[in-house]
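Novice: This is the structure I want to talk about, given as C-alpha cells.
The values are calculated or read from the model by the stated rules, or taken from the named source; none is laboratory data. Being a predicted model, the structure only gives us computed values, none of them experimental. All Cβ positions, even for glycine, are placed from backbone atoms using ideal geometry, and neighbour counts span all protein chains on display. The protein model used for the area step is the full one, side chains on, heavy atoms only, and it has no ligands, DNA or RNA in it. Shrake-Rupley method; radii C 1.70, N 1.55, O 1.52, S 1.80 Å.
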Amino acid sequence: MNIQIEHLEDKFLSTALKNGLSYWKKDQFEIIHNSATSLKAKVFGSDEYLTEMMFLGNYVTDVNCNCPNNRTLFCKHVAILYYEKLKEVLELKKSKPRKTAAKSKVAGVETKKTFSIEEAVDNLSLNELKEIILKEIKSNQMLRDTLEHKLSPKNKSVKELYGFHKTQIQQLIKKHQKNGYINYSASNKIGNVVIDMAKDALKHYEKNSLEACFEICRAIIEVMLKPLYYTDTSSGIFYQGLDEALSISKTIAEMETLSTKLRKYMYGVFLKLFKDNKNHGWGYEVYFVDVLILLADSESQKEELISAIHDNGIENYTVQLYNIIRKFEGEEAGKNFVLEHKTLPEFRQMLFDDLLQKEDYKGAKDCMLEGINVNKEFKGVVIGWLQNLHYLADLTDDRELLIKTVKILFLEIGFNSYKDSKDYYSILKEQFTKKEWQKECALLLNQVQDKSTLEEIYYREENFELLFKSIAEDQDHYFGANYLNLDIKYIKSLIPKYEEPLRNLLLDRITKYIDLFQGKKYYIEVCRILVSLKKQGMDIDHFILSLKVNYQRRPSLMARLEEFFG
C-alpha cells in the first residue's frame, strides 16, 4: 500500500466516512501512539477496538483494525485516523466528509431535485387524472382488476358480497391460468387482489358487520384452495389473502358473543370444506377442524365432527380429538385421553408438564425415559426428551442424570444450536474438576466423529497441535467450495506458534480456489479472507505479492487487490 493521504478517501465507503467523522467529532477515540511513521488509537463504540495507520512521509503504507468488519480494511475506525491525520496535513476543520455529499458533474450546476410522484399527482387536474387512468387501464390489466375491486358497489347485500367476490376471484384465475398453470407473475397479481379483499373483510369485522366479513372470507377460502395445486406459490403472495381470511374466520369463531345463527352457518361452511378431500393436502384441513371445534356447541355437532374426523383418518387429528373431548367431556376425560395416546409426542409433552406441575419428578423422569425408548427412531423427538431430562436434572440437582443426559445431547448435537441454543460442552465440563475433565475429555474425543466438532474441542482445550493438524488435512472440497471455509478464530489461535506453516497452507488454499474459480465475486471473496487474516495479526504482504506475480494476466484480480490493499 502506498497512497497519498489526500487520496485515501477514495478507499472508503461513504457510510464509513460519515460514521468515522461522527466518531472523530465526538472524540470517541484515544490516541495512544503518534509518530512520523505511525498513528495508533483506541476507538470506543459498541466495543473497544485498536486501530493503526502507518506512514512514509505523506503516504499511507498500511492500515489495520481489530474490529469484526472483515469486508474491508477501510472501516469507520480507520476513517477516524484518516480525519485525524488529514487535520494535521491540511489543517482540516471539522466538517462533513466530501464523499457523503452529492456532487454535480458540472461545476456550478445544482443537483437535480428528486422526483416525487405524490407531488406530480397533486398537481394534476381531475380531467388529466381521469384521462391517464382511462388510457392506462386499456393495457394494464392489474390496474383494471384493482379498480374493479376498489370501485365495486358499496351497497351490496351480505349474500351479494359473497357472489361478487367469488366471481371476481374466479375470473382472475381463469384469465391468468395458461395451459392449466398459473405462473409466478400471475400468482402475485391474483394474490395482491385477494389480499385487498381480505383487508375489506377486516374492515367489516372492525365495524362488527360479522356476516358481511365472513361472506368475503368464505368466497376467498372456497375459491383459493384448489388452485394451490397448479400455481407457482413460491413468493407466498398467492395464499397470503387465503391465510388472512382463515385467520379472520377463526377470530370470529372464538367470539363468545357470536350469534347462534352465524355460528351454525359458519359450522356448516367449514364442515363442507373439511369433507371435500380436494381441499386437503396443504395443511388447511387441520385448520378447518380447529375452527369447527370452536364453533361446535351441541352433542350432535360433536358426534358429527368426530365421525368426519374418523372418515378422514383419525391418526392425523388426534390432538383435535383431544380438544373435542376436553371441550365436551371435561379436563379429566381429556387427561385420560392423553394417557391412552401418550405414544404421540404432543401428548407425552403434555403428560410431562402435568407431572412437573404436580412435582412428581420420578414420574416425569420415567415418562421421558419411556419416550426415548418409544421414539428412538426419531432423533428430533428424542433430543426433545433429553432436553426435558436435562431440565429435570437441573431442577432436582441430580448430577448423575445431568452428566448422562448432557453428554448424550452433546454427542448428538455437537456445538450446533438446537431449539434451546445451549452450550452442552461447557455445561458438561462444569461438572468435573480439572483433573477429572482431562480423563473425561479424552473419552469424549474418542466418541466424537464429526471433524468440525473435534476442531472446536481442540480449540477450547488449547490443543493447538491437533487443531493445526486437523485444519491442514486434505479434504474432499466439493467444487472448491470449502477451500476458503476458514474459522478465523482458529487461525488467530494458531498464529503465535504456527504462523509460517499456516501462511503456506492458506496460500495454497487460496491459490487452488483462484485456479478453480475466475471472476470478480470470487476475487472479492479472496480479498475479504486476506482482510480477515490481517485483522488477526497475520502478515499478508507475502500473499498479495504472490498473487500479483502469479496472476498478472487476471486484470480483475489485480483490480480487486488494488481496490482492497492499494
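Novice: May I ask you to list the residues in segment 427-478 that are closer than 30 Å to ARG399 by Cβ, within 31 Å of the chain's Cα centre (by Cα) and part of a loop (DSSP other than H, G, I, E, B)?
Specialist: VAL448, GLN449, ASP450 - these are the residues of segment 427-478 that are closer than 30 Å to ARG399 by Cβ, within 31 Å of the chain's Cα centre (by Cα) and part of a loop (DSSP other than H, G, I, E, B).
Novice: Same structure, new question: So which pairs qualify, if the first residue must be in segment 381-405 and within 14 Å of MET368 (Cα to Cα) and assigned to a helix (DSSP H, G or I), the second must be open to solvent by 30 Å² or more (accessible area, probe 1.4 Å) and aromatic (Phe, Trp, Tyr), the Cβ gap must be under 7 Å, and the two must be at least 6 apart or on different chains?
Specialist: Going by the 7 Å Cβ cut-off, the qualifying pairs are ILE383/TYR418; LEU392/TYR361.
Novice: Here's another thing I want to ask about it. Which of the residues spanning segment 270-322 are of a type in the set (Lys, Arg) and under 34 Å from the mean Cα position of the chain (by Cα)?
Specialist: Listed by number, the list holds a single entry, LYS278.
Novice: Which residues, taken from segment 237-246, are farther than 19 Å from ASP290 by Cβ and not in a loop (DSSP other than H, G, I, E, B)?
Specialist: Passing the criteria: GLN240, GLY241.
Novice: Give just the number: which of (1) of a type in the set (Asp, Glu); (2) in a helix (DSSP H, G or I); (3) without any contact (Cβ under 8 Å) to a residue 12 or more places away in the chain does GLU256 not satisfy?
Specialist: Evaluating GLU256 over (1) of a type in the set (Asp, Glu); (2) in a helix (DSSP H, G or I); (3) without any contact (Cβ under 8 Å) to a residue 12 or more places away in the chain leaves (2) as the failure.
Novice: Just checking, how many residues over segment 348-369 are touching a residue at least 24 places away in the same chain (Cβ under 8 Å), open to solvent by 20 Å² or more (accessible area, probe 1.4 Å) and more than 18 Å from ASP420 (Cα to Cα)?
Specialist: Number of matching residues: 3.
Novice: On the given criteria, is LEU445 touching a Phe, Trp or Tyr at 6+ places or on another chain (Cβ under 7 Å) and either within 21 Å of TYR490 (Cβ to Cβ) or open to solvent by less than 40 Å² (accessible area, probe 1.4 Å) (or both)?
Specialist: no
Novice: Return the residue satisfying two criteria in turn: it lies in segment 152-163 and is open to solvent by 40 Å² or more (accessible area, probe 1.4 Å) and assigned to a helix (DSSP H, G or I), and of such residues it is modelled with the highest pLDDT.
Specialist: GLU160
Novice: Would you be able to say whether some residue in segment 289-297 is open to solvent by 50 Å² or more (accessible area, probe 1.4 Å) and farther than 23 Å from LEU242 by Cα?
Specialist: Yes, because at least one residue in segment 289-297 is open to solvent by 50 Å² or more (accessible area, probe 1.4 Å) and farther than 23 Å from LEU242 by Cα.
Novice: Residue by residue through segment 199-220, note down the ones that are part of a helix (DSSP H, G or I) and surrounded by fewer than 23 Cβ atoms within 10 Å (Cβ to Cβ).
Specialist: Matches in segment 199-220: LYS199, ASP200, LEU202, LYS203, HIS204, TYR205, GLU206, LEU210, GLU211, ALA212, ARG218.
Novice: Within segment 269-279, track down each residue that is surrounded by 13 or more Cβ atoms within 10 Å (Cβ to Cβ) and part of a helix (DSSP H, G or I).
Specialist: VAL269, PHE270, LEU271, LEU273, PHE274, LYS275, ASN279
So that you can scan it fast, the table gives a plain yes or no per residue for (1) touching a strand residue (DSSP E or B) at 6+ places or on another chain (Cβ under 7 Å); (2) modelled with pLDDT of 95 or more; (3) hydrophobic (A, V, I, L, M, F, W, C); (4) closer than 20 Å to GLU160 by Cβ:
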{"position": "HIS204", "(1), (2), (3), (4)": "no, no, no, yes"}
{"position": "SER209", "(1), (2), (3), (4)": "no, no, no, yes"}
{"position": "PHE214", "(1), (2), (3), (4)": "no, yes, yes, yes"}
{"position": "ILE221", "(1), (2), (3), (4)": "no, yes, yes, yes"}
{"position": "TYR229", "(1), (2), (3), (4)": "no, no, no, no"}
{"position": "SER234", "(1), (2), (3), (4)": "no, no, no, no"}
{"position": "ILE237", "(1), (2), (3), (4)": "no, no, yes, no"}
{"position": "GLU244", "(1), (2), (3), (4)": "no, yes, no, no"}
{"position": "SER247", "(1), (2), (3), (4)": "no, yes, no, no"}
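Condition check ((1) out of contact with any His (no Cβ under 7 Å at 6 or more places or on another chain); (2) in a helix (DSSP H, G or I); (3) open to solvent by less than 60 Å² (accessible area, probe 1.4 Å); (4) not polar (S, T, N, Q)) across all residues:
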residue: GLU525; (1), (2), (3), (4): yes, yes, no, yes
residue: SER532; (1), (2), (3), (4): yes, yes, yes, no
residue: MET558; (1), (2), (3), (4): yes, yes, yes, yes
residue: LEU561; (1), (2), (3), (4): yes, yes, yes, yes
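Novice: Another question about this same structure. For segment 308-362, give me every one of the helices (runs of 4 or more DSSP H) that falls completely inside it and has 2 or more residues that are over 27 Å from ASP394 (Cα atoms).
Specialist: Output list reads 318-329, 331-340.
Novice: Please work out which one of (1) open to solvent by 100 Å² or more (accessible area, probe 1.4 Å); (2) modelled with pLDDT of 85 or more is the condition GLU118 fails and give its number.
Specialist: (2)
Novice: Return only the number of the condition from (1) in contact with a helix residue (DSSP H, G or I) (Cβ under 7 Å, 6 or more places away or on another chain); (2) crowded, with 16+ Cβ neighbours inside 10 Å that TRP282 does not satisfy.
Specialist: (2)
Novice: Return the residues of segment 534-543 that are in contact (Cβ under 8 Å) with a residue 24 or more places away in the chain and part of a helix (DSSP H, G or I); say none if nothing qualifies.
Specialist: LYS534, LYS535, HIS542, PHE543
Novice: Now for a different question. With respect to LYS407, determine if the residue is surrounded by 17 or more Cβ atoms within 10 Å (Cβ to Cβ), over 28 Å from the mean Cα position of the chain (by Cα) and basic (Lys, Arg).
Specialist: Considered against the rule, which asks whether it is surrounded by 17 or more Cβ atoms within 10 Å (Cβ to Cβ), over 28 Å from the mean Cα position of the chain (by Cα) and basic (Lys, Arg), LYS407 comes out as yes.
Novice: Being of a type in the set (Ser, Thr, Tyr) and crowded, with 16+ Cβ neighbours inside 10 Å is the filter; apply it to segment 410-425 and report the residue that is nearest to GLY380 (Cα to Cα).
Specialist: If we take residues in segment 410-425 being of a type in the set (Ser, Thr, Tyr) and crowded, with 16+ Cβ neighbours inside 10 Å, then TYR424 is nearest to GLY380 (Cα to Cα).
Novice: Here is a follow-up. Sort through SER187, SER234 and tell me the only one that's open to solvent by less than 10 Å² (accessible area, probe 1.4 Å), out of contact with any Cys (no Cβ under 8 Å at 6 or more places or on another chain) and either touching a residue at least 40 places away in the same chain (Cβ under 8 Å) or not in a loop (DSSP other than H, G, I, E, B) (or both).
Specialist: The match here is SER187.
Novice: If you scan segment 324-339, which residues turn out to be under 38 Å from the mean Cα position of the chain (by Cα) and open to solvent by 40 Å² or more (accessible area, probe 1.4 Å)?
Specialist: Listed by number, the residues that qualify are ARG326, LYS327, LYS335, LEU339.
Novice: Quick check, is ILE173 β-branched (Val, Ile, Thr), crowded, with 16+ Cβ neighbours inside 10 Å, touching a residue at least 40 places away in the same chain (Cβ under 8 Å) and within 16 Å of TYR230 (Cα to Cα)?
Specialist: When the stated conditions are applied, ILE173 passes them.
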